[in-house]
Amino acid sequence: MYLHAGEGLTMSDPGLGKDAGGCAPDATLKGTLCWFNSTNSASVAAVYVPAAALRADPVCILVWIHGDIIPCGDEGKDGVSYVRSKEFPLALQIADSKRPYVLVVPTMKWTSGRNKVSHALGSPKTMNAFVEEVRTGLVHAGWSKAPLVNRLILAGHSRAYVVLNALAAAVGNAESSTGALGKLTDVWLLDATYGKKNRQVHCSTWIAWASAHTKAPSIANLHISYRKASDTSDVAECIRDEAAKARLTNVTVRGFPSHCSLPRDQMPALLAASVIAPRTSRFVGDSSFLGDPYALGQTPPPQVTDGEFGKALASLDPPPTMTRLLRLSKTFMDMARTLDKKYVYLWHPAGGRHRTLDTSTAGVVKSGGFAGRRVLDIRKSLTGGSRFEPYQSPDNTGYYDVIWIDKPTQGDTGRWIEIVAHETGHAFHMVTPKSAPPVKLVSRICADVTEEITTRRIESLVVSEIQKTTVGARELKGFTFDNGGTDPDVVERDFYPAQLRMTYLEHFVLGERMRDAVQSEGLDAEGVKAKISEAAGAPLKGWRSRKLSSEYARLRFALRVIDLRWRRLKELHGSNAAAFARTKEQVLQEHANAFFGGAFAYTPRPAKRSRSVANPLCAKPAP
């Protein structure tokens, strides 16, 4: 019996198929998918073999212990369904990583009897026997003989702690250093550090495990991802703090916001970082990394710097390849080191919470060890589009600057570099002003346009410096760079990356005017909220004659109207880019007259536009 996509399971043939039964190529998963009735897990187990691992000898096996089915909605009724899951596309992520890892997913049956608190696979002897079942069964998945196992990765999500905690507690068991467990190089706990009532017990268990795996021949890494301020935070943060005290370099603990998305979001980064067998000179995996200075004998650097900016950027969990490549750019590293000195990261390193800091109305820390610095957070964009949002921005209700990153896929290294270099440039300009801000409104708007242009040029320079290196040229081969253009009229017409649709010029004009309105109207935080609420509740129909209580409320209402008109225009013309571009020019001028009083108009474009079209508002900045 062959297992094809969409078919159910027939339990008559145990093992990885009989006479190749139970295994079949799966085009959707880009590899071979098998199943077998495991004696040791007492359940159906799925085995996924990507093209990169087929017939490899020795082989690396990644055992994934899944969580409960119900909370995340798509974990599947068995191991095979889990491997095919869209919620947890682990097989596809392994295929895309090109790593030669065989993925094994036993069906855990967490709702059955004692399985909620214990499981057979939590025994080192049983886990070794389970991996041996897989190893010997690979002869039905394309191997001519059972391969050796040279590396084992144990990973799990949520209730996987039942198995992984038990294995950690048995670190002194002789079976823990023999068989497959004798080849263990990584344990990944993805929001699986539950048990806050027994916090110290679990914490001590994992510290003892990590301590036992710091020296050859049993070197291994522990990576923990957990949710801040949740049921998994107490144990995770205890492990983090105790590991720091003991100077255990094989422990990484990071906080993230979501439970269900952790496996999907973290797997690509973990795969990329696990190319090297930890802290050994033995290279495992893709030989194309041999030219990378961070590939042999060490793990890729988790941060671009060890300072405050480096910590903030690392919290976003960017792909390690991006980190390595950014370190090759002198321009970027000069900016990063400056930001380390000018900023303090918002999150407290030990408490998993926001720092309590006394800041001025300009967003500068007034006292303590970080006096004179600004406060920074780097977050995943929730609205689409990456942007730098200073504390003084009308939309920023916190006491800190924020870099919002619209996270690309983990494999899109070039796009990661573009985005991070660009937003880092904005933050750098914030803390290294060359002169005092202009007083006149039009001058401030022109300064905003010029700063965006300068930042785009920095972005180009960072990418260029990386591409000039051997490693950068290889890693970014085929990547097409585009900073969007640096002519003022191009920048002004580009759409600003925010939830509400508007052009850069509209964003700059309305933003500067709102700052002036807040000051002239004497609005405090509560006053601003009240005006925002008033503008949000005003009907859009008949917007031209709509009366509001203040200039600030009117400007807030204008944001909604502009957003509505741009979205309707897009709906009207759909994918007809030429028709949209023609009508866009008319709408640009209408908005300038309606909301800017005609004082800040766009340059009318000739029928055959030249790249040298002048802008009457802002002079073109020098290259």
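Listed by first and then second residue, the pairs linking a residue in the stretch 441-468 that is assigned by TED's automatic domain parsing to the domain that holds Phe332 and within 16 Å of Arg387 (Cβ to Cβ) to a residue that is aliphatic (A, V, I, L, M) and assigned to a helix (DSSP H, G or I), with Cβ atoms under 7 Å apart and 6 or more places separating them unless they lie on different chains, are Val449/Val491; Glu452/Val491; Ile453/Val491; Ile458/Ala421; Glu459/Ala421.
Annotation note: Cβ proximity below 7 Å between a residue of the stretch 227-253 that is within 13 Å of Gln200 (Cα to Cα) and a residue that is modelled with pLDDT under 85 and surrounded by fewer than 17 Cβ atoms within 10 Å (Cβ to Cβ) (sequence gap 6+ or interchain) occurs for Asp241/Ala350. Residue-level check: of (1) more than 28 Å from the chain's Cα centre (by Cα); (2) at pLDDT 95 or above, Gly182 misses just (2).
Restricting to the stretch 490-528, count the residues that are free of Cβ contacts under 8 Å to residues at least 24 places away in the same chain, among the charged types (D, E, K, R) and part of a helix (DSSP H, G or I). Show your work before the answer.
Going residue by residue through the stretch 490-528, those that are free of Cβ contacts under 8 Å to residues at least 24 places away in the same chain are 490, 494, 507, 519, 522, 524, 526-527.
Then drop every residue that is not among the charged types (D, E, K, R), which leaves 494, 524, 526.
Those left that are additionally part of a helix (DSSP H, G or I): 526.
Residues that pass the stated criteria total 1.
Residue-level check: of (1) closer than 19 Å to Ser443 by Cα; (2) modelled with pLDDT under 90, Arg501 misses just (1). Considering only residues in the stretch 87-106 that are assigned to a loop (DSSP other than H, G, I, E, B) and under 18 Å from the mean Cα position of the chain (by Cα), the one that is surrounded by the most Cβ atoms within 10 Å (Cβ to Cβ) turns out to be Phe88. Picking from residues in the stretch 107-121 that are modelled with pLDDT under 90 and assigned to a helix (DSSP H, G or I), the one that is surrounded by the most Cβ atoms within 10 Å (Cβ to Cβ) is Asn115.
The set of residues in the stretch 313-332 being more than 15 Å from Pro257 (Cα to Cα) and among the aliphatic types (A, V, I, L, M) consists of Leu313, Met322, Leu325, Leu326, Leu328. In the stretch 420-439, the residues that are farther than 17 Å from Phe508 by Cβ reach residues that are assigned to a loop (DSSP other than H, G, I, E, B) and of a type outside the set (Gly, Ala, Ser) with C-beta atoms within less than 9 angstrom, at least six apart or across chains, in these pairs: Val420/Val304; Val420/Leu316; Val420/Pro318; Ala427/Pro390; Val431/Arg373.
Within the stretch 539-549, if we keep just the residues that are modelled with pLDDT under 90 and of a type in the set (A, V, I, L, M, F, W, C), the residue that is farthest from the chain's Cα centre (by Cα) turns out to be Trp543.
Could you tell me how many of the residues in the stretch 34-45 are out of contact with any Ser or Thr (no Cβ under 6 Å at 6 or more places or on another chain), among the hydrophobic types (A, V, I, L, M, F, W, C) and within 13 Å of Val134 (Cα to Cα)?
Taking the stretch 34-45 first, the residues out of contact with any Ser or Thr (no Cβ under 6 Å at 6 or more places or on another chain) are 34-39, 41-42.
Next, only the ones that are among the hydrophobic types (A, V, I, L, M, F, W, C) stay: 34-36, 42.
From what's left, within 13 Å of Val134 (Cα to Cα): 34-36.
Within the stretch 34-45, residues that are out of contact with any Ser or Thr (no Cβ under 6 Å at 6 or more places or on another chain), among the hydrophobic types (A, V, I, L, M, F, W, C) and within 13 Å of Val134 (Cα to Cα) number 3.
Would you mind stating whether Pro394 is free of Cβ contacts under 8 Å to residues at least 12 places away in the same chain, touching a helix residue (DSSP H, G or I) at 6+ places or on another chain (Cβ under 6 Å) and not assigned by TED's automatic domain parsing to the domain that holds Ala558? No; evaluated as a whole, the condition is false for this residue.
Please determine whether any residue of the stretch 168-178 is charged (D, E, K, R) and within 23 Å of Ser225 (Cα to Cα). Don't jump to the end; show me each part of the working.
Taking the stretch 168-178 as the starting set, the residues that turn out to be charged (D, E, K, R) are 175.
Filter once more, keeping what is within 23 Å of Ser225 (Cα to Cα): none.
No: zero hits.
For the stretch 529-553, a residue qualifies if it is free of Cβ contacts under 8 Å to residues at least 12 places away in the same chain and either within 17 Å of Glu506 (Cβ to Cβ) or in contact with a Gly (Cβ under 7 Å, 6 or more places away or on another chain) (or both), but none of them does. Is there a residue being over 14 Å from Asp234 (Cα atoms), of a type in the set (D, E, K, R) and in the same structural domain as Ala243 (by TED's automatic domain parsing) anywhere in the stretch 187-210? Checked against the condition, which is being over 14 Å from Asp234 (Cα atoms), of a type in the set (D, E, K, R) and in the same structural domain as Ala243 (by TED's automatic domain parsing), the stretch 187-210 yields no hits at all.
Filtered by the rule that a residue be buried (at least 17 other Cβ atoms within 10 Å of the Cβ), modelled with pLDDT under 90 and not in a strand (DSSP E or B), the stretch 222-240 gives a lone residue, Ser230. How many of the residues making up the stretch 564-583 are within 16 Å of Phe495 (Cα to Cα) and either touching a Cys at 6+ places or on another chain (Cβ under 8 Å) or of a type outside the set (D, E, K, R) (or both)? Number satisfying all stated conditions: 7.
Which members of the stretch 241-257 meet the condition of being outside any loop (DSSP other than H, G, I, E, B) and not basic (Lys, Arg)?
Of the residues in the stretch 241-257, the ones outside any loop (DSSP other than H, G, I, E, B) are 241-245, 251-256.
Matches in the stretch 241-257: Asp241, Glu242, Ala243, Ala244, Val251, Thr252, Val253, Gly255, Phe256.
Here Tyr552 meets each of (1) buried (at least 16 other Cβ atoms within 10 Å of the Cβ); (2) modelled with pLDDT under 90 with one exception, condition (2). Scanning the stretch 336-347 for residues being buried (at least 23 other Cβ atoms within 10 Å of the Cβ) and either of a type in the set (D, E, K, R) or in a helix (DSSP H, G or I) (or both) gives a total of 2.
The values are calculated or read from the model by the stated rules, or taken from the named source; none is laboratory data. Values in this document were obtained by computation on a predicted structure and should not be read as measured data. Here Cβ is always computed from backbone atoms with ideal geometry, including for glycine, and neighbour counts include all displayed protein chains.
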